[in-house]
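For reference, the structure is listed below as structure tokens.
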Amino acid sequence: QVQLVESGGGLVQAGGSLRLSCAASGVIYSPNVMGWYRQAPGKQRELVATSTSSGTSNYTDSVKGRFTISRDNAKITVYLQMNALKAEDTGVYYCKLQSSRGAYWGQGTQVTVSS
């Protein structure tokens, strides 16, 4: 059974920074993709950034140049460094791991950016 535990959310002023972490445990198959999604109130969950186990990263356009995804394969942990935060970045951020055995989600961590 795979478990994902996120941490690092909180309240920050616009222009500030936060760093999210997501640690995976259990039987993890490679190759895999780990990523971050977010869901704002009243909106659908959307992709923020993904990182493959081979090192390829992908970002949604609205966060390019502000967010950086990274991962530690040895620790099976993915990070999201968020800089220059905007009010529209507010939402619940979810970690996801996708492998040949299925997709797994974390419980989510709240990020609130005050303007």
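The values are calculated or read from the model by the stated rules, or taken from the named source; none is laboratory data. All figures in this text were calculated on a predicted structure; none of them were measured in a lab. Positions of Cβ are generated from backbone atoms using ideal geometry, with glycine treated the same way; all protein chains shown enter the neighbour counts. What goes into the accessible areas is simple: the full protein's heavy atoms, side chains included, and nothing from ligands, DNA or RNA. Shrake-Rupley method; radii C 1.70, N 1.55, O 1.52, S 1.80 Å.
Assigning unit charges at the beta carbon (Lys, Arg +1; Asp, Glu -1) and nothing else, what dipole magnitude in debye, to the nearest 20, does the chain show about its Cα centre?
Approximately 80 debye in magnitude.
With r as the distance between the Cβ atoms of Ala103 and Lys64 and R0 = 22 Å, compute the FRET efficiency 1/(1 + (r/R0)^6) and round to 0.05. Walk me through the intermediate numbers first.
On the way: r = 24 Å, r/R0 = 1.10.
So the FRET efficiency works out to roughly 0.35.
Asp72 to Leu11: FRET efficiency via 1/(1 + (r/R0)^6), r the Cβ-Cβ distance, R0 30 Å, to the nearest 0.05? Don't jump to the answer; show the numbers that get you there.
Details: r = 27 Å, r/R0 = 0.88.
Efficiency, rounded to the nearest 0.05: 0.70.
Run the simple label-point estimate for Thr52 and Gln3 please: 7 Å along Cα→C-beta, distance reported in nm.
Result: 3.0 nm between the two label points.
Given a 1.4 Å probe and heavy atoms of the protein chains only, how would you sort Glu46, Glu88, largest accessible area at the top?
I get Glu88, Glu46, largest accessible area first.
Just the number, please: carbon plus sulfur as a percent of the accessible area of segment 28-115, 1.4 Å probe, no ligands or DNA/RNA counted.
Roughly 48 percent of what the probe reaches on segment 28-115 is carbon or sulfur.
At 1.4 Å probe size, what's the solvent-accessible area of Ile28? Round to the nearest 10 Å².
Using a 1.4 Å probe on the heavy atoms, I get roughly 40 Å².
Dipole size in debye (nearest 20) for segment 1-65 around its Cα centre, Lys and Arg Cβ +1, Asp and Glu Cβ -1?
100
At Gln44 and Val27, where each label point lies 7 Å from the Cα along Cα→Cβ, what is the point-to-point distance in nanometres?
Output for this residue pair reads 3.4 nm.
Enter the accessible area per residue of segment 50-115 (Å², integer; probe 1.4 Å; all protein chains in place).
49
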